[in-house]
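Only one structure is covered here, and it is reproduced in the block below.
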Amino acid sequence: MASPVRLLKETATVDSLLQADEAWNAAYHHRDPERLRPMLADDWVGFFPDGTLAFKQDLLEGMAHNPPTALMFERHASVVFGHTGVTRGTLYAGGERVQSFLRVYTWKGGQWWAVSVQVVP
């Protein structure tokens, strides 16, 4: 099965970055770690406001424990710098603002790979 972020295009574009970011959002919305797994680089790391670090397996295991609630993602910005893509947005759960985030991606092997996220309150 092809990765949900693999595209026919062979170059990193804002459109392909937005598609990858939407695939992340959909995986999170469905609380499906197997949808997110092929998007995360093996050395993915997340940074949280309290100084906590999370690694790929931490994120995937934690998804299954998120309470079922309606999620909405609001995107504020996205930009591509060569083979690096950055998106910034806000997550709402049950209509309440939960967090804002900055996601960093790298273009490798014809797809975007999430390499990091910075979460802020």
Looking for something part of a strand (DSSP E or B) and aliphatic (A, V, I, L, M) - is there at least one such residue anywhere in region 53-67? yes
Of all residues in region 24-48, which are hydrophobic (A, V, I, L, M, F, W, C) and in contact with a strand residue (DSSP E or B) (Cβ under 9 Å, 6 or more places away or on another chain)? W24, L36, M39, L40, A41, W44, V45, F47, F48
Which residues, taken from region 41-95, are within 17 Å of A26 (Cα to Cα) and β-branched (V, I, T)? T69, T87, T90
Restricting attention to region 42-90, report how many residues are β-branched (V, I, T) and loosely packed, with under 11 Cβ neighbours inside 10 Å. 1
Give me a count of the residues in region 73-93 that are farther than 23 Å from K108 by Cβ and of a type outside the set (V, I, T). 6
Over region 18-41, the set of residues open to solvent by less than 80 Å² (accessible area, probe 1.4 Å) and assigned to a loop (DSSP other than H, G, I, E, B) is R31, D32
Considering each residue of region 4-17, count those that are open to solvent by less than 50 Å² (accessible area, probe 1.4 Å) and either modelled with pLDDT of 85 or more or out of contact with any Ser or Thr (no Cβ under 7 Å at 6 or more places or on another chain) (or both), and give that number. 5
Under 8 Å by Cβ, and 6 or more places apart or on different chains, what pairs join a residue from region 22-33 that is within 11 Å of F73 (Cβ to Cβ) with one that is open to solvent by less than 50 Å² (accessible area, probe 1.4 Å) and of a type in the set (G, A, S)? W24/A114
Residue ID - nearest to the chain's Cα centre (by Cα), chosen from residues in region 95-112 that are within 15 Å of S78 (Cα to Cα) and not β-branched (V, I, T): R103
I'd like to check something: does region 38-48 contain any residue that is among the β-branched types (V, I, T) and closer than 29 Å to T11 by Cα? yes
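The values are calculated or read from the model by the stated rules, or taken from the named source; none is laboratory data. Keep in mind the model is a prediction, meaning the values are calculated, not measured. Backbone-built Cβ (ideal geometry, glycine too); neighbour counts: all protein chains shown. Note: areas computed on protein heavy atoms with side chains; ligands, DNA, RNA excluded. Shrake-Rupley method; radii C 1.70, N 1.55, O 1.52, S 1.80 Å.
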